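The values are calculated or read from the model by the stated rules, or taken from the named source; none is laboratory data. As the structure is a prediction and not an experimental result, all values here were calculated from the model. Reconstructed Cβ throughout: ideal geometry from the backbone, glycine too, with neighbour counts over all protein chains shown.
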Amino acid sequence: MCRYRRSIESTSSPMMINPTYIVIMATAIALCSLLVRRSQQKLPLTREEKFGLGLGGFCGAMIGAKLPFVLYDLEGLWNGVAWFAHGKTIVCGLAGGYLGVEIAKWLMNIRIKTGDSFAAPVAFAIAIGRWGCFFGGCCFGTPTTLPWGVAFPTAVDDPLVLRHPTQIYESLFHLTMGFLLLWLERKGWFRGQLMKLYILVYLSYRFLTEMIRPEPRYLVGLTAYQWGAILLAIIFVWLWRRDAAALAAENAQKEPRPADAAAD
């Protein structure tokens, strides 16, 4: 059976950013801002505090997404070139965004839980942003014989080989997670833990899909992203358990004691 060979017609390369990529990423950021603003309407925070949280999350995500590539290029780190070169990772970007919000909360002395208000908006934004990667010709997968394989001209080893469109796979994953997180929030399930839940599920997804991505293999055959996913999963499981224990203690304090109930 004949198969149609699809390719991404793009003049970009892994070291260039084309206009389509910029437009899609800008759209993703704008959508995230609008959705976060809507989801935070009921939070007892001032406009300035909400802006501070958003700024902290954005800066943390941008720094986290670039940091592994910057540290890899030490010469570029000192002259500043590495910060503007191509290359970002969602794995560290999500962790950086989480840390950025926590730092902003600490600086503004905000004690309430805010992660749930970011979870679904971030998922929807990444679902859009991954299409920027698709049209930019980066983050593609390994060769495949599946009928939906795509040839990426930016693949320097062989631009005519059909590959897994892992950007689309990931876009669909984040889109699904966005709707799931909205549903969980409306049900009141995992309250105060939705952002951590989202990150943990993504780390699991990313660990598995690294098997169809052409990344260098290191210790025991795992990629750097897989090792990063393992490390971050350990951290976020600890954060989950810590917050779950704190929430349980808070709920226990709110429950009436037997003596108080008898007095009533």
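Of note, Cys139 satisfies the criterion of being on the phi > 0 side of the Ramachandran plot, in contact (Cβ under 8 Å) with a residue 24 or more places away in the chain, hydrophobic (A, V, I, L, M, F, W, C) and crowded, with 16+ Cβ neighbours inside 10 Å.
Within the stretch 156-166, the residues that satisfy the criterion of being over 17 Å from Arg130 (Cα atoms) and not in a strand (DSSP E or B) are Val156, Asp157, Asp158, Pro159, Leu160, Val161.
Considering the stretch 176-222 alone, what residues qualify as being hydroxyl-bearing (Ser, Thr, Tyr) and without any contact (Cβ under 8 Å) to a residue 12 or more places away in the chain? If the condition is that a residue be hydroxyl-bearing (Ser, Thr, Tyr) and without any contact (Cβ under 8 Å) to a residue 12 or more places away in the chain, then Thr176, Tyr218 are the ones that fit. Scanning the stretch 97-132 for residues being within 17 Å of the chain's Cα centre (by Cα) and either surrounded by fewer than 22 Cβ atoms within 10 Å (Cβ to Cβ) or under 22 Å from Leu180 (Cβ atoms) (or both) gives a total of 23. Considering the stretch 190-222, the residues that are at pLDDT below 95, closer than 27 Å to Gly137 by Cα and not charged (D, E, K, R) include one that is surrounded by the most Cβ atoms within 10 Å (Cβ to Cβ), namely Pro214.
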